[in-house]
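*Asks:* Got a structure here, written out as structure tokens. Questions coming.
Rule-based calculations on the coordinates, nothing more; no lab input. Just so it is clear, the structure is predicted and the values come from calculations on it, not from any experiment. Cβ placement follows ideal geometry from the backbone for every residue including glycine, while neighbour counts extend to all protein chains displayed.
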Amino acid sequence: MKKLLPLLFMLLTLGASAQSYGYLTFKTTSGAQKSLAMSNLVITFEGGNMIATNDKETATYAVSELSSMFFASTPAAIKNVSLNQASAIKEGTIVKVFNVAGQLVKQFENNACSNIHNLNLPKGVYIIQADGKAMKLNVQ
């Protein structure tokens, strides 16, 4: 109950400022972000979970795993990618790899010798930045 009160307070107090934004973005403790359109957005709580539903989709989060929520004009721009999708980055492109804390862990020019398949990263979630795009990579 103690964890629900701050979350409920935040939802109630931010309602008035949400009118100029099109999305509510949820950020988990792992760093993953998901945005839902505000159109007919309904948020309910059930069994320690927060359930957000709009006209098109539903997202369910354990309340204990939510680190923040915020309003945004555009949806979260980071997409989940597989290693095969990330390997489609053009040769000669500068690739930056960040951990979820935002620290740069690797930077290289994508070529035949140094590419996305040779990262040798420990298990975790990483953000790859290349060609002006950001992608989320789960290393398992």
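*Asks:* Explain nothing, just compute: Karplus ³J(HN,Hα) = 6.51 cos²θ - 1.76 cosθ + 1.60, θ = phi - 60°, for every residue of region 102-107 in order, whole Hz, x for Gly and Pro.
*Replies:* Karplus-based 3J(HN,Hα) across region 102-107 equals x, 7, 5, 9, 8, 8 Hz.
*Asks:* Can you check what the net charge comes to around residue 36, using other residues whose Cβ is under 9 Å from the Cβ of residue 36 (Lys, Arg +1; Asp, Glu -1)? Spell out each step's value before the answer.
*Replies:* Numbers: positive: 34, 56; negative: 57.
So the surrounding residues net to +1.
*Asks:* Taking θ = phi - 60°, what integer Hz values does the Karplus form 6.51 cos²θ - 1.76 cosθ + 1.60 yield along region 124-140, in sequence order, with x for Gly and Pro?
*Replies:* Running phi through 6.51 cos²θ - 1.76 cosθ + 1.60 with θ = phi - 60° gives x, 9, 10, 10, 9, 10, 7, 6, x, 10, 10, 10, 9, 10, 9, 9, 10 Hz.
*Asks:* Here's something else I'd like to know. Considering only Cα-Cα distances, which of the following residue pairs are longer than 21 Å: 34/133; 34/90; 56/133; 96/123?
*Replies:* On the way: 34/133 17 Å; 34/90 27 Å; 56/133 25 Å; 96/123 17 Å.
Checking Cα-Cα distances, 34/90; 56/133 exceed 21 Å.
*Asks:* Something else now. Note down the nm distance, to one decimal, between modelled labels 7 Å out along Cα→Cβ at residue 96 and at residue 129.
*Replies:* Here the answer is 0.2 nm between the modelled labels.
*Asks:* Right, here's the next one. Order these by the 10 Å Cβ neighbour count, fewest first: 128, 51.
*Replies:* 51, 128
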